[in-house]
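Novice: Pasting a structure below so you can have a look.
The values are calculated or read from the model by the stated rules, or taken from the named source; none is laboratory data. Owing to the predicted nature of the structure, the values given are computational and were not obtained by experimental measurement. When we count neighbours, we look across all protein chains shown, and the Cβ atoms used for this are built from the backbone with ideal geometry, even at glycine. In case anyone asks, the SASA skips ligands and DNA or RNA and just uses the protein heavy atoms, side chains included. Shrake-Rupley method; radii C 1.70, N 1.55, O 1.52, S 1.80 Å.
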Amino acid sequence: MIVCKQLTKQFVTGLRQRKVLALQGLDLEVTAGEIFGFLGPNGAGKTTAIKILMGLIYPTSGEARLLGKPLGDVGVKQRIGFLPESPYFYDYLTAAEFLTFYGQLFGRSGRELRSRIDELLELVGLADRRRLRLRNFSKGMLQRIGLAQALINDPSLVVLDEPMSGLDPVGRKEIRDLILHLKEQGKTVFFSSHILSDAEMICDRVGILVGGRLREIGRVEELLGRLGAKTVEVVVAGLNGEAAARLRNMAVKAVVSGPSTMLVFDREERVDEALPVIMAGGGKLVSLVRQKGSLEDLFMREVAQERRE
């Protein structure tokens, strides 16, 4: 669905014509039917890459293809839905009028378009707001109507630039659920974000862009698997004083809550050493959980590496 080969974009800014390399040799492939998270801090080059793919700006070098066609192919645009990071909507239009406008841009009209608008308003939870002007919409409602316009043409590929930015937890969940629904319909979703927990929950694969360079790419579970287990959390109950004191010295963290004690060990070997102490001290093992690394850990590692370089 998306193929980028050595995609590079250089801007010239300021009176001194300073050259800024916003995107450096991006190699990327997104396959049909997957949710791909394009992750990175602000200024990493995510929006630059998306603007190139959408034909809004041109690359300095490299090439890319969408749905098997080179960038700029007008026919491909009929099969793409796009929601930019900070869209401007005609706020005097109602939700239904807004979607009618965009549907007509795709050559749709009449009963077919009205049926599609009804379907989309129901999908994004705005069926009861169809006659409300957009100027009265909340941030979350604007994101949902924006997603509806990105789907008006029933696209095969949906590209969303920071769709969850600025939303509260309820709004983010609604957008996540909509993205998962699109995957169930067989659509490919490519979205950028710096909200890592959302990406970790719904993405099949992610790419981490830092400083204009793609630092990591792969399936979420594979990337997290490389981090390995970070710590082991053990909860025990009924320890005597002597055993509790010994275990606190062995653990990197110990928290007492009533009859229970939570111990955090920095490696599994420490747990093997602690178990005999627990048993000898009359303790009972309540739980043992390996705390694996998160996308945030991987993300911060790559950001730190980029800064060092």
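Novice: Percent relative contact order of region 155-309, based on C-alpha pairs within less than 8 angstrom and at least six residues apart?
Specialist: Values: 221 pairs, mean separation 35.1, N = 155.
Relative contact order of region 155-309: 23 percent.
Novice: Where a ≥ b ≥ c are the square roots of the eigenvalues of the C-alpha gyration tensor, would you call region 107-160 rounded, which needs a/c under 1.5, or, failing that, prolate if a/b is larger than b/c, or oblate?
Specialist: Values: a/c = 2.11, a/b = 1.25, b/c = 1.69.
It comes out oblate by the Cα gyration axes.
Novice: Something else: Could you give the size of the charge dipole of region 163-309 about its Cα centre, using +1 on the Cβ of each K and R and -1 on the Cβ of each D and E, expressed in debye and rounded to the nearest 20? Don't skip to the end; give the middle numbers.
Specialist: Details: 22 positive and 22 negative charges, 26 e Å.
Roughly 120 debye for region 163-309.
Novice: Find out how many positive minus negative residues lie around I117, taking Lys and Arg as positive, Asp and Glu as negative, among other residues whose Cβ is under 15 Å from that of I117. Walk me through the numbers on the way to the answer.
Specialist: Values: positive: R108, R111, R114, R116, R129, R130, R131, R144; negative: E97, E112, D118, E119, E122, D128, D154.
Once positives and negatives cancel, what remains is +1.
Novice: On average, how much accessible surface per residue is there in the chain, in Å², for a 1.4 Å probe, leaving out ligands, DNA and RNA? Write down the numbers at each step before the final one.
Specialist: Working: 15910 Å² over 309 residues.
Here the per-residue accessible area is 51 Å².
Novice: So, in Å, what gap is there between the alpha-carbon centers of region 1-35 and region 181-218?
Specialist: What the calculation gives is 16 Å, centre to centre.
Novice: Have a look at the DSSP beta bridges in the chain and tell me what percent are antiparallel, nearest 5.
Specialist: Values: 42 of 60 bridges.
Beta bridges within the chain, antiparallel portion: roughly 70 percent.
Novice: Expressed as a whole percentage, what fraction of the accessible surface of the chain belongs to carbon and sulfur atoms when a 1.4 Å probe is rolled over the protein heavy atoms? Intermediate values should be presented prior to the final figure.
Specialist: Numbers: 7840 of 15910 Å².
Carbon and sulfur: 49 percent of the exposed surface of the chain.
Novice: List, in the order given, every pair from K51/K77; K46/K77; K173/K253 whose Cα-Cα distance in the structure shown is over 22 Å.
Specialist: Values: K51/K77 13 Å; K46/K77 20 Å; K173/K253 33 Å.
The pairs that break the limit, which is 22 Å between Cα atoms, are K173/K253.
Novice: Can you list the trypsin sites (Lys or Arg not before Pro) in region 90-152 that are in a DSSP coil and have 11 or fewer other beta carbons within 10 angstrom? Before the final figure, lay out each step's value.
Specialist: Working: sites: R108, R111, R114, R116, R129, R130, R131, R133, R135, K139, R144; in loops: R108, R130, R131.
In loop regions of region 90-152 (DSSP not H, G, I, E or B), the sparsely surrounded trypsin sites (Lys or Arg not before Pro) are R131.
Novice: Where Lys and Arg each count +1 and Asp and Glu each count -1, what net charge lies around L239 among other residues with Cβ under 13 Å from its Cβ? Walk me through the numbers before you get to the answer.
Specialist: Working: positive: R246, R248, K284; negative: E242.
So the surrounding residues net to +2.
Novice: Right, another one. Which value at 222 nm does the chain reach when only helices count, each DSSP H run of 4 or more adding -39,500 (n - 2.57), with the total divided by all residues and rounded to the nearest 500 deg cm²/dmol? It would help to have the intermediate numbers written out before the result.
Specialist: Details: 11 runs with 117 residues, N = 309.
Taking each H run of at least 4 residues, the total per residue is -11500 deg cm²/dmol.
Novice: How large is the charge dipole for region 9-141, taken about the Cα centre, if only the Cβ atoms of Lys, Arg (+1) and Asp, Glu (-1) carry charge, to the nearest 20 debye?
Specialist: Numbers: 20 positive and 13 negative charges, 103 e Å.
That gives a dipole near 500 debye.
Novice: For the chain, what is the relative contact order in percent, using Cα pairs closer than 8 Å and at least 6 residues apart in sequence?
Specialist: Values: 561 pairs, mean separation 59.8, N = 309.
Value for the chain: 19 percent.
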